[in-house]
1. For segment 288-304, indicate whether the set of residues that are touching a residue at least 12 places away in the same chain (Cβ under 8 Å), in a loop (DSSP other than H, G, I, E, B) and open to solvent by less than 40 Å² (accessible area, probe 1.4 Å) is non-empty.
2. Is segment 88-96 home to any residue that is buried (at least 16 other Cβ atoms within 10 Å of the Cβ), within 9 Å of ligand 1 (Cβ to nearest atom), part of a loop (DSSP other than H, G, I, E, B) and in contact (Cβ under 8 Å) with a residue 12 or more places away in the chain?
3. Residues Tyr251, Tyr256: which one is at pLDDT below 70, aromatic (Phe, Trp, Tyr), assigned by TED's automatic domain parsing to the domain that holds Gly319 and crowded, with 21+ Cβ neighbours inside 10 Å?
4. Based on this model, can you work out whether Lys324 counts as touching a residue at least 12 places away in the same chain (Cβ under 8 Å) and crowded, with 19+ Cβ neighbours inside 10 Å?
5. Take Asp126 and decide whether it is within 15 Å of ligand 2 (Cβ to nearest atom) and outside any strand (DSSP E or B).
6. Return the total of residues in segment 65-79 being in contact (Cβ under 8 Å) with a residue 12 or more places away in the chain and open to solvent by 70 Å² or more (accessible area, probe 1.4 Å).
7. Quick check on my filter: what residues within segment 312-361 are among the acidic types (Asp, Glu) and within 19 Å of Val290 (Cα to Cα)?
8. Looking only at segment 105-125, count every residue that is under 13 Å from the mean Cα position of the chain (by Cα) and either surrounded by fewer than 16 Cβ atoms within 10 Å (Cβ to Cβ) or not assigned by TED's automatic domain parsing to the domain that holds Thr161 (or both) and tell me the total.
Amino acid sequence: MAMPIERDRPRAHLVVDDFFPPAALEVIFREVRSLERKMKPGLVRDVGHDGQSVFFENERRKNKAVWIHDPSKTLRLFRDRFWSPPMLEAFANAREPLFQIIPNCRAPHLQVSAYMTGDHYDFHEDEGAGVNLTAIVFLASRPEKVRGGDLVLAYGGEETTVRFRHNRLVVFPSKTLHRVTRVRVDSKDVHDARLSLQCWLTYGEEPRRAKARAPEADRPTFLLSEEPIIAVAQALVDSSATADQSPEELYWGAFYLSRILSSNLRFLVEAAGCEFVGPIRIRRGETLDVLARARHDGSPLTIGFQLRGPEVGPSEALGLFVEKGRGRSVSLARKQLPAGADEETTVAILRRLLVAKGTTA
Ligand SMILES: O=C(O)CCC(=O)C(=O)O
Ligand SMILES: [Fe+2]
């Protein structure tokens, strides 16, 4: 494996050449070939009126794709390599704070995409429940036949191109806009396609060797009180901006954290028997608050997470709060989330806050 290179323009991404050893590549090509007949036009994702994902064909994406699940040799080989000691070291030393969560991420499945002449994929972000980082391995059984198919990453008005190269891994935060330039393959044989393995890394402690489960559509990964996440988030509380900001306006890592908190918040509000009114807002002052309006037994209230800064340890940093009433008569009930609080505990805490008498601010 070649030395990983991290570039931080336009935004941190890691490039590793010669990612798979030759013996692994042979196995992977054999498996991919056995799947060629199952490849279907690649779909794009959007969120429908009801907040659920919808997948459909669109000219933004022109390629063929197929999913790979357990038990798959390709998936196993990918995991072995991706979580190997040299890779983990590269992630640990990376400047992108989000790479620090990789030891706690898993690769539930892969997608293989095949591009023939004229195929491409326009600018998009990778989205999905719990998806934080994207890892792509470019592959071609006859690389000399492939032109184009480069990956362009864009962030904050800047672009950079990662050239297509056989056996090259690229890792980047999934929220980075990216596209694949138009491909030309000097062959009509799909064996010669410009291929990519795409892996969407999901944060969560579930062991990577766990049996594949049916995906839970758009249910957030429940990772409150996971210390690596909290510690990164706490650093944000320190930052100088104080204005109310939408999740998109917060800077890179913050986006993911706010998104994680946002999706958890929405889920929690409903699990505790409230009606979610929204929108989700981020308020950054002495604490970083991710909050939304809701209704409980017909009364309007605000429910949110409150994150304290680095002055406290990660295990004490995260709390839940409920604000009732308006203006002068607003009352606040807040409770710290115990370290390692799971979904059930967190919902129980929120239920108690909903009926608690708050302190009038
Ligand atoms: O094929 C590639 O290199 C990237 C594909 C991609 O961005 C995606 O499928 O989301
Ligand atoms: Fe993508």
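The values are calculated or read from the model by the stated rules, or taken from the named source; none is laboratory data. A quick note: this is a predicted structure, and the numbers were derived from the prediction, not measured. Every residue, glycine as well, gets a Cβ built from its backbone with ideal geometry; the counts of neighbours run over all protein chains shown. Accessible surface areas use protein heavy atoms only, side chains included; no ligands, DNA or RNA. Shrake-Rupley method; radii C 1.70, N 1.55, O 1.52, S 1.80 Å.
1. No, because not a single residue in segment 288-304 is touching a residue at least 12 places away in the same chain (Cβ under 8 Å), in a loop (DSSP other than H, G, I, E, B) and open to solvent by less than 40 Å² (accessible area, probe 1.4 Å).
2. no
3. Tyr256
4. Values: touching a residue at least 12 places away in the same chain (Cβ under 8 Å): yes; crowded, with 19+ Cβ neighbours inside 10 Å: yes.
Yes, satisfied.
5. Judged against the criteria, Asp126 is a match.
6. 3
7. Glu316, Glu323, Asp342, Glu343
8. Qualifying residue count, segment 105-125: 1.
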